[in-house]
Amino acid sequence: ALVVQAKDGLSEEDQKNTGNAVSVARKCKVEKLLELTPSKEVAGLFQLSKHAAGKPLKGDALGNPVASVKRDNLALVLHTSGTTKKPKIVPLTHANIASGAMCIASTVELKHEHICLNTMPLFHIHGLIVNVLASAIAGSQVVCLPGVFQVQNFHAALISQPEPNWYSAVPTMHLQILQFAEEVAKEKGKPPENKLQLIRNCSAALVPTVAAAMEEVLKVHVMPTYAMTESMPIASNPRCGKRKLRSVGMKAGPNMGIMNGHPDGTFLNVGEEGEVVVKGGPVTSGYEFREHMDANPNIEAFSEGWLRTGDKGWLDADGYLYLSGRFKEIINRAGEKISPFEVEDAMRANDAFKDCIAFAVPHKSLGEVVGIAAVLKDGKSLTIKELRSWCNKCDKLQAKWIPEMLVTMPTIPKGPTGKPARINLAKKLDLDPLEGVPKDLDHPGISG
């Protein structure tokens, strides 16, 4: 099949190239010609329709396209979120996505009566495989929210027919849902009505304090999990049984282990911290390599068939995985490796914060120190001096992990799928290296 973009909005050169592509496809007797029309209102939303030149040629034997599909045929080509570097191109076969969807349906224990409320964009692995395909494989239902996520629309969908009873989303969405529920509970004496039986988290780490608060306020089990575009899923807490909110759970599909950093391929023991690696089932066989790339991304990404995830973590004696963060997100303070997740988890207990992320701030003598970018609650104020004093009193962080810079801003910078954009945040905020006393900054925010 050939998919070309509709001519409206294309440059004259692109229109010419599209026409040439259609002509070649016709000569080569390509079976299906489709036209893609992007939405003018919602980024990533589009409509597919039959191309005007797509009528069958004389003598074509179209047959049944499904009958010719093999396990190893390409099914999807997606891009990574690019939180640590330029997005990579991830080809996934029918076997990859079918294996992943069946694993998710099993861990979530999906049945016919379950109804998923999808809040995730359908150009992303989370929405496609978790919410839609896993539901389809289980014979259950899924309701897709249109447009950009809005918590009011989410709540309206929860109490509308067919009344969804579970959802899977990213931490930024969970936090908005939690804060909305807390506001309603404060105003009406009880949280908003719903029939939720399960809340699943994926695509980015959900700090334990938020997970615990959601369970307390919404009276629903929260299921922390772990996956990536290259392997959906990787690990998951069980729906029933022993859940550990500080962990992303046990292996939930592919084989999983902890390996020494590249290029060392030694596997580590229980409790030892290293790089999470996965192999088999839903895991892509390799990134797409194109001539314009500086280097083949597969050279560092794979070690004897194991995909190196770029995530730092460790396994406990029960086989539960704990993540410290992306290797490139870890804050290196004079050799002390600091997990931004653990810092954020401690910060959530401060009543002044509505939202926050920890990130690396350059320091003239220490290399890097901990910075906090935060959105404050209405009517709240906070200085770095007050924050450090609070940290010392509550004793949640060791001294070297206490923030040395506080940046207040209107919103936390995030990527298109809702992941916090902490990589190079100091550079994006145009922060000079710190020296001496901790510092405050009131920032107008990052546009675009």
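Laboratory data are not the source of any read-out in this text; all were calculated from the coordinates shown. Please read these numbers as outputs of a predicted model, since none were measured by experiment. For neighbour counting, all protein chains shown are included, and Cβ atoms are generated from backbone atoms with ideal geometry for every residue, glycine included.
To test your reading of the geometry: what angle, between 0 and 90 degrees and rounded to tens, separates the Cα axis of helix 171-188 from the longest principal axis of the chain?
Between the helix axis and the principal axis of the chain, the angle is about 60 degrees.
Order of Ile357, Ile129 from fewest to most other C-beta atoms within 10 Å?
In increasing order of surrounding Cβ atoms, one gets Ile357, Ile129.
List the residues whose amide H sits under 5 Å from the amide H of Met405, counting only those 5 or more places along or on another chain, with H placed 1.01 Å from N in the peptide plane.
Ile372, Lys439
So what's the projected area for the chain, the Cα convex hull averaged over all directions, in nm²?
Hull-based average projected area comes out at 25.0 nm².
Would you calculate the separation in nanometres between label points at Asn260 and Ala156, each defined as 7 Å from the Cα along the Cα-to-beta-carbon direction?
Inter-label distance under the simple model: 5.7 nm.
Does the range 289-377 come out rounded, prolate or oblate by the C-alpha gyration tensor, with a ≥ b ≥ c the root eigenvalues, rounded set by a/c under 1.5 and, if not, prolate when a/b is larger than b/c and oblate if not?
Verdict is prolate for the range 289-377.
How would the range 331-442 be classified by its alpha-carbon gyration tensor: rounded, prolate or oblate, with rounded meaning a/c under 1.5 and the a/b versus b/c comparison settling the rest?
Judged from the Cα gyration tensor, the range 331-442 comes out rounded (a/c under 1.5).
Order these by the 10 Å Cβ neighbour count, fewest first: Thr37, Thr225.
Ascending number of Cβ neighbours within 10 Å: Thr37, Thr225.
As a footprinting exposure proxy, order Lys86, Lys251 by other Cβ within 10 Å, with the fewest listed first. All intermediate terms of the calculation are to be shown ahead of the outcome.
Details: Lys86 10, Lys251 19.
The fewest-first ordering by Cβ neighbours comes to Lys86, Lys251.
Can you tell me the order of 293-300, 311-318 when each peptide is scored by its average per-residue count of other Cβ atoms within 10 angstrom, highest first?
On the way: 293-300: 12.1, 311-318: 17.1.
Going by the mean number of other Cβ atoms within 10 Å, highest first, we get 311-318, 293-300.
Using a/c under 1.5 as the rounded threshold, could you call the range 225-362 rounded, prolate or oblate? The axes a ≥ b ≥ c are square roots of the C-alpha gyration tensor eigenvalues, and prolate needs a/b larger than b/c, oblate otherwise.
oblate
Given the Cα-Cα distance of Lys377 and Ser365 and 0.36 nm per residue of separation, how much length would full extension add, in nm?
Details: separation 12, 0.36 × 12 = 4.32 nm, distance 3.36 nm.
Extra length from Lys377 to Ser365 when fully extended: 1.0 nm.
Determine which aspartates and glutamates satisfy two conditions relative to Lys419: a Cα distance under 15 Å, and not lying fewer than 8 residues away in the same chain.
Asp311, Glu329, Glu344, Asp355
Pull up all non-local amide H partners of Lys32: gap of 5 or more, or a different chain, and H-to-H distance under 5 Å with H placed in the peptide plane.
Residues meeting the criterion, in which the H sits 1.01 Å from N, are Leu2.
Less than 10 Å Cβ to Cβ from Ala352, Lys/Arg counted +1 and Asp/Glu -1: what total charge do the surrounding residues give?
+1
Could you let me know the centre-to-centre spacing of the range 13-36 and the range 265-341, using Cα atoms, in angstrom?
One Cα centre to the other: 41 Å.
Considering the Cα trace of the range 92-212, what is its radius of gyration and what is Dmax, both in angstroms?
For the range 92-212, the Cα radius of gyration and maximum Cα-Cα distance read 14.5, 50 Å.
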